[in-house]
Structure formats: structure tokens, C-alpha cells
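Trainee: Just dropping this structure here.
Please treat every number below as a calculation from the coordinates, not as lab data. Since we're looking at a predicted model, the values are computed, not measured. Methodologically, a virtual Cβ is constructed for each residue, glycine included, from the backbone with ideal geometry; neighbour enumeration extends over all protein chains shown.
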Amino acid sequence: MKGGSAPRDADPQNDRMRWDALTDEVRRHQVAYHRDDAPVVPDAEYDRLVAELEELARRHPDWGAKDSPAGRVGAKGRPTLPPVRFTRPVLSLNNARSQAELAEFMARVGVPGPWLVEMKIDGLSVILRYRQGRLVLAATRGDGSTGEDVTANAATVAGIPGELSAPVDLEVRGEVYLAKSRLAALNADRAAREEALLANPRNAAAGSLRQLDPTITAARGLSAFLYEIREAEEPPATQGAALEHLASLGFAVEPHWQRCTDLEAVWQFVQQWREQRRTLDYDTDGLVVKLDDLRTAARLGATQKAPRAAVAFKYPPDEDVATVLGIRLTVGRTGAVTPTAELSPVQLAGTTVTRASLHNANILERLDVRVGDRVVVRKAGEIIPEIVSVLTTERTGTELPYVYPDACPECGTPLVHEPDEVDIRCPAALTCPAQRREGLIHYGSRGALDIAGLGDKTVDQLLSAGWVATPVDLYALSADRLAELPRFGPVAADNLVRAVAASRSQPLSRLLVAFGIRHVGERVAAALAGHFRTLDALMAADADEVAAVPGVGPIIADSVVAFFGAPAGQALVEGLGRAGVNFVEPDGDRAMAPGPLSGQSVVVTGTLAHASRREAEAAVTRAGGRVQSAVTRQTTLVVAGEGAGSKLDRARALDIEVVDEQEFWSRVANEPHP
């Protein structure tokens, strides 16, 4: 499948061929999405196909555009569920993706407002009928004219009352969804039982509501928000009044709606929720902007597909489809050789993505990503895009499986793959050029010796000039010489020399981090420095002595002993000693002293208001706790800041204690914080 619109100067014959191909393709996707709850492409790709089909329909209205799938709401339901015919169509919404498109929508409506803006919940649309306040029918949207009877299942959904607070007759519409935390809990249970995981909240909700056995639906823990009164004895005059009336009857109503007076207010609300929506426990890919005056909205009517007085504003997609142009290997600081897919450019979450991590050889093999493949790329709140799946049905036969090389792509050293590890590694830790580069950057990073100005660009300049090969060379740099580098004036040169000189006095614990020894992070470095006190004592210890340090163990001990036993490691220590670098941990260090978090394994996630995440993790260590980067069954506490995402969901699923920032600082009250 290739996205994008057909060229405007295409001839009718080419247009017709594209029309036929698109019609078949869109119909298949509608069936997969609406009937089978198993979409094979992201929403953004589907939207592009529909937009191209609509453009062809505008250019060739005599081609039966009314019968085109672009004008249909969904797909016919499963034959196993009883059909339900609607007295009036259940419509979809047109999309807007920019402020300009919102302005065009408002201009077409021709009414100055006000506007009612609601969250667009990513679930399964449902129609509910009540007689004398009792639920008598629940149906899926289906193809907009005929849905499926899911009354018994809907009765198990939170937010859908079986009996209302008043004996009224009405028909309402809403969205059934599966909370993200509930999905995490279900998948944790399914993983423990070695069952296939549920793909995402929307598919899980749709599949759960359409079960033939209501007990299965009940076990899934679905929820619903109601947002539209389709029929009522006394219809409300505004959408805001409709939402308030729904809530008063006992329906669950999404609470973050807002009445806006004009485009500027709507756009401000759009911007506010661009990232804030990720903090919600349910998926939303946008907002719905409606004319608040329902009588005027009814008078404006609808097209075959959508009402004229409402539009869905879609945020930049978190998923899209791209073409794999190549697969490149990168060698990291620890020697891990990581595959990265080079992609045709796609817009994800507001940024242009041209690369996606494949993490390791196992994932590359499992996904079977090949050069030329069309792949689904995701950036769901994460910094690093990743490939979710391969569209194998679009392969042409020219794609070839990727074969890992036997040697390091940077230095030619034979790669190693330990049986108990997922990563393939280059073992030349101190001689591989890529590892040297990453090691120099790490040496000056904030968690290590904190050398301000020694970032990746500066390191690249120093390496290109041939002035440094190991951290020892940093201490021989002069300001006059540095000032010769491009874009490196006297002030920057002097500041870097001062920062390098200041790093000499950092404690041993920070130096151990700076070495970049495999498995040795800030916590282990603090433990080793606190126990041995000097670098000489640590280097003189054997593996058993190192492993005996609390929190270390044999695997880390072997890594430490191997580092200092290697000729390159010994040469590094000797050179740093000649440069005057401190090898001693101050007596006042309290890194391993008992504290309020002793024995606890802590994960800090999200954005904290009063400190950086690194500062909070340092406080955990000072308080005797163990910092973890991922939530596991061994985690005992999660500190959740603003925007905490999947880690918070997993903590809830595993029933791990979660505290906010205020509670965290109160527990480590004797620890300094900003």
C-alpha cells in the first residue's frame, strides 16, 4: 500500500485503476477494523487512503461515489450477532488536523459559536435505548444503518446503567473503552498464563463487547462514556446541557469537556491537551469540536457520512506506515550492537521520523524486518520510535531477510553472543572506535564526572582532530589549542578546560560510573566505593570479595574484575593517576547507609515539579533504596510524576505501591531536594 494522493494531472485511465484498487483496499480495512476488531494498518494510513479516494470521487462524480466505501461509516457486523436496524443513521465525523482546517470548518458552519470541545475516546461506538428508564437495547454502530445487538454484554460495562435515575424514554450514543491500566492488568495475567496478549485498548474493547458469552465481557472490565442524546422526549437545547443531563441520569460522562467562544479558545484547548491527554487512563487521539447549539446543528443537517456541525480534530499520529530503506548497526558504549531501521520519512507525534530502533537481534528476527518492507512505526509517548509490525501482505518478493555480520562493523573484532543475553556485543571495550566515542561522552556526563561542555559534538571534534583517544587525553588539553577548533572560541575553550580540571576532585563513586564498566551504574558504584573506599583496594580485590558487597553479586563482580584486569583498563587507571584524578571516596559518604528506603527497589517515572528525575534517583540511593529503570515484580515503590505512562500502568497492574512527588519527598525528608 502506498499512501498519498494521486497526482492531479493523472489521466482518467490511471485514476480509474487507482479508484478500483483503493475501493477494494478500503473495504478490506473497514471489515478488519469494524467487524473483525483486527486492523492491519494504523489510523493515519487508513485516513490517507480514504482521503485519496474522496479526492478521486470529487474529480469523477459519475463513478458511483455514493457507493464508495469512503462515504460509509463502518462495516457490516458479524453474522453471529443479531442485527439491529437504526431509525436514523449513526454517522461518523470528518477530520481536521490543523488550526487552518478548524477555521475552514467553522466558516462552513457559518455560526459564530459557542463550540463544545470533548475528548475523542478511542473505543467502540455503542447505541443504547431506554424505555421508562430501563435499558432495553444496546447495539454497536456497525455500518451506520445496521449494528449488532450486544445488550447482554453492555449491561456488564461500567458507566452504562441498567436503570436510570428517572423513568424516561431515550436513545443515547457513547463509546465503550478499555482503560489502559486495565489492559496492562489483563496482559500481565495473560502473560503469566502464556496466552496471547491483547494488542491495544481499542481492539480489546471491541472484541470484548462483541463476545457471545457475557461472562467473558464482564471479566474484561470495560467502561463507557456517553456523549450524545439521539432521541428524547424533551431534547436539550445545547450539547453542554446534554452532557449534564446524561450525567444526572447516571451515565458516565468524560469530564474534561469545555465550552469555547471562538477559534482562538478552541485552539488553546487543543494545545493544552496535545500532551496532557497522555496522562489519561484511556486512549484518545484527538478532540471533537461541536456547535453547542443543538437546534442549529440539527437544521444544518449532515452529509452521507458526517454531521455538518461537528468535526474531529486529530493530533499527529503516534503510529504510521513507512518503508524500510536500510538496516544499520550501531555500537553502543557497552559494546551492544543494535540494529536500526532507516525509514522513508513519516510524521509521528509532531516530529519527522526517519529511523526506528529494532532493539536487538532477537526482535529483528522475530519481526522479520527486511529492506523494502512496509512497516508500522510507533512513537506512543516514547522518545525513540520503534517498529511494531511488518505488513507482510505487501511484500513483492524482492525483500531479503537481514543477516547479522560476524564482526563488529566499527573495528572488525569478532562479535560475541552470550547464551544468557539478548544483545550481540563487540568485546573490544577500550579499543573499538565507537565504544571509545560513547565512552568519552559518558565519562563527562552528569551522572559520571559531570564535565560541562563535553557533549557528543565536542567529542567528535576532538576525535577528528586526533587529540584524544581515552579520557586520560582530556587532562592534557589546553585552552589555546581548543580555541583552534571550528566554532570553539576562547570562552568555550577556557570553560571546558576548567570543567575537565574540576572533574579531578570528583569522588571515587562518580569515577566508577565514568569508567562505564558493564552492569555498574550509580547504585553499584556507590556500593563499591562505600565498601572499598579507594580504587587501589577495589582493584586488589578478587571476584568473591567484590561479589560479597551488598547489592553487587557474582555477575557484576566478574565484570568489574575483568575491566581492571584487562591491559587497557590498567593503562586507563595509570594514566588518570598521573593526571591527578582522585581515587578515594570521602569519609562522609552516606550512599550505602541505612535509610528510610532501605531494602526498597524504586522506579521514578514522569516529570517531577521540584527536581529532575536524576536528582530524585540520587535521593533514593542516599535514602538506602535501589534505583530501577523498569517496573518489574521486584519493584516495591513507584514515584509517579506528571505524564507517567506505561510504567505507571504496569505498576498498577502488578499492584505495586505508587506515590506522588510530595509523598516521596516526605518519605526521604532528611534528604536535600530543590
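Trainee: Can you give the local net charge around Glu163? Use residues other than it whose beta-carbon is closer than 15 angstrom to its beta-carbon, Lys and Arg +1, Asp and Glu -1.
Mentor: Residues close to Glu163 contribute a combined charge of +2.
Trainee: Under a point-charge model restricted to the Cβ atoms of Lys and Arg (+1) and Asp and Glu (-1), what is the dipole moment magnitude of segment 83-314 relative to its Cα centre, in debye to the nearest 20? Provide the component values of the computation, followed by the final result.
Mentor: On the way: 28 positive and 29 negative charges, 79 e Å.
Charge dipole of segment 83-314: 380 debye, to the nearest 20.
Trainee: Full-extension gain between Val491 and Glu342, please, as 0.36 nm times their residue separation minus the C-alpha to C-alpha distance.
Mentor: Using 0.36 nm per residue and subtracting the Cα-Cα distance, I get 49.8 nm.
Trainee: When you count, for each residue, the other Cβ atoms within 10 Å and take the mean per peptide, how do 525-538, 643-656, 293-306, 466-479 rank with the highest first?
Mentor: 525-538, 643-656, 466-479, 293-306
Trainee: Sticking with this structure for a sec: Once the piece of chain linking Ala152 and Leu280 is laid out straight, how much longer is it, given 0.36 nm per residue of separation minus the C-alpha distance between them?
Mentor: Extra length available between Ala152 and Leu280 comes to 43.3 nm.
Trainee: Another question about this same structure. According to the Kirkwood expression over distinct Cα-Cα pairs, how big is the hydrodynamic radius of segment 433-578, in Å? Walk me through the intermediate numbers first.
Mentor: On the way: mean 1/r = 0.0628 Å⁻¹.
Over segment 433-578, the inverse of the mean reciprocal pair distance is 15.9 Å.
Trainee: Could I ask something else about it? Amide H to amide H, which residues 5 or more places from Ser389 or on other chains are under 5 Å from it, using H placed in the peptide plane?
Mentor: Val376
Trainee: Output wanted: per-residue J couplings in Hz (rounded whole) for segment 474-479, from phi through Karplus 6.51 cos²θ - 1.76 cosθ + 1.60, θ = phi - 60°, x for Gly and Pro.
Mentor: After applying 6.51 cos²θ - 1.76 cosθ + 1.60, I find 4, 7, 9, 6, 10, 5 Hz.
Trainee: Given +1 on the Cβ of Lys and Arg, -1 on the Cβ of Asp and Glu, and no further charges, what dipole in debye does segment 601-667 carry about its Cα centre, rounded to the nearest 20?
Mentor: Details: 9 positive and 9 negative charges, 61 e Å.
The calculated dipole for segment 601-667 is roughly 300 debye.
Trainee: Taking Cβ-Cβ under 4.7 Å as the only way to count a partner, pick out the unpartnered cysteines of the chain.
Mentor: Cys260
Trainee: Once the other residues with Cβ under 12 Å from the Cβ of Val581 are scored (Lys, Arg +1; Asp, Glu -1), what is the net sum? Provide the component values of the computation, followed by the final result.
Mentor: Details: positive: Arg504, Arg510, Arg578; negative: Glu574.
Spelling it out: positives minus negatives among the neighbours equals +2.
Trainee: With the cut-off at 1.5 for a/c, could you classify segment 319-394 from its C-alpha gyration tensor as rounded, prolate or oblate? Numbers along the way, then the final one.
Mentor: Working: a/c = 1.77, a/b = 1.20, b/c = 1.48.
Oblate is the answer for segment 319-394, as a/c is 1.5 or above yet b/c matches or exceeds a/b.
Trainee: Given the -39500 (n - 2.57) contribution per DSSP H run of 4+ residues, what per-residue ellipticity at 222 nm results for the chain, rounded to the nearest 500 deg cm²/dmol? It would help to have the intermediate numbers written out before the result.
Mentor: Details: 24 runs with 236 residues, N = 674.
Estimated from H runs of four or more residues: -10000 deg cm²/dmol.
Trainee: Can you put Ser145, Ser344, Ser208 in order, fewest other beta carbons within 10 Å first?
Mentor: By the 10 Å Cβ count, ascending, the order reads Ser344, Ser145, Ser208.
Trainee: Also: Dipole of the chain, Cα-centred, from +1 at each Lys and Arg C-beta and -1 at each Asp and Glu C-beta, to the nearest 20 debye? Let's see the in-between values first.
Mentor: Numbers: 75 positive and 90 negative charges, 206 e Å.
Result for the chain is approximately 980 debye, rounded to the nearest 20.
Trainee: Helix 180-192 against the longest principal axis of the chain: what's the angle in degrees, Cα atoms only, rounded to the nearest 10?
Mentor: Tilt relative to the chain: about 70 degrees.
Trainee: Let me ask something else about it. Using +1 at the C-beta of Lys and Arg and -1 at the C-beta of Asp and Glu, which of Gly144, Val289, Phe251 has the Cα lying farthest in the positive direction of the dipole of segment 83-314?
Mentor: Of Gly144, Val289, Phe251, it is Gly144.
Trainee: Next question. Just to be sure I understand: of the beta bridges DSSP finds with both ends in the chain, what percent are antiparallel, rounded to 5?
Mentor: 85 percent
Trainee: With unit charges on the beta carbons (Lys and Arg positive, Asp and Glu negative) and the dipole taken about the Cα centre of segment 306-431, which residue among Val353, Val422, Thr330 sits farthest to the positive side?
Mentor: Val353
Trainee: Mind ordering 219-230, 113-124, 358-369, 319-330 by average Cβ neighbours within 10 Å, highest first? Walk me through the numbers on the way to the answer.
Mentor: Working: 219-230: 20.8, 113-124: 22.6, 358-369: 16.9, 319-330: 19.1.
Per-residue Cβ counts within 10 Å, averaged per peptide and sorted highest first, yield 113-124, 219-230, 319-330, 358-369.
Trainee: Okay, next question. Calculate the length of the line joining the C-alpha centroid of segment 524-544 to that of segment 97-160, in whole Å.
Mentor: Going from one Cα centre to the other spans 64 Å.
Trainee: Still on this structure, please answer the following. Once the Cα atoms of helix 456-465 and of the chain are each reduced to a long axis, what angle between those two axes, in degrees from 0 to 90 to the nearest 10, is obtained?
Mentor: 50 degrees
Trainee: Alpha carbon centre of segment 183-207 versus segment 278-326: separation in Å?
Mentor: 26 Å
Trainee: Against the longest principal axis of the chain, how steep is helix 263-276, in degrees 0 to 90 to the nearest 10, with axes from Cα atoms?
Mentor: Rounded to the nearest ten degrees, it is 50.
Trainee: Where in segment 416-486 are there trypsin sites (Lys or Arg not before Pro) that are in a DSSP coil and have at most 16 other Cβ atoms within 10 angstrom of their Cβ?
Mentor: The qualifying sites are Arg446.
Trainee: For His519 and Glu163 in one chain, what is 0.36 nm times their gap in residues minus the Cα-Cα distance, to one decimal in nm?
Mentor: 122.3 nm
Trainee: To continue, here is another question. Where Rh is the Kirkwood radius over the Cα pairs of segment 83-314, the temperature 4 °C and the viscosity 1.567 mPa s, what D in µm²/s does Stokes-Einstein return?
Mentor: 70 µm²/s
Trainee: Can you list residues whose amide H is under 5 Å from Glu399's amide H, if they're 5+ apart or on another chain and H is modeled 1.01 Å from N?
Mentor: none
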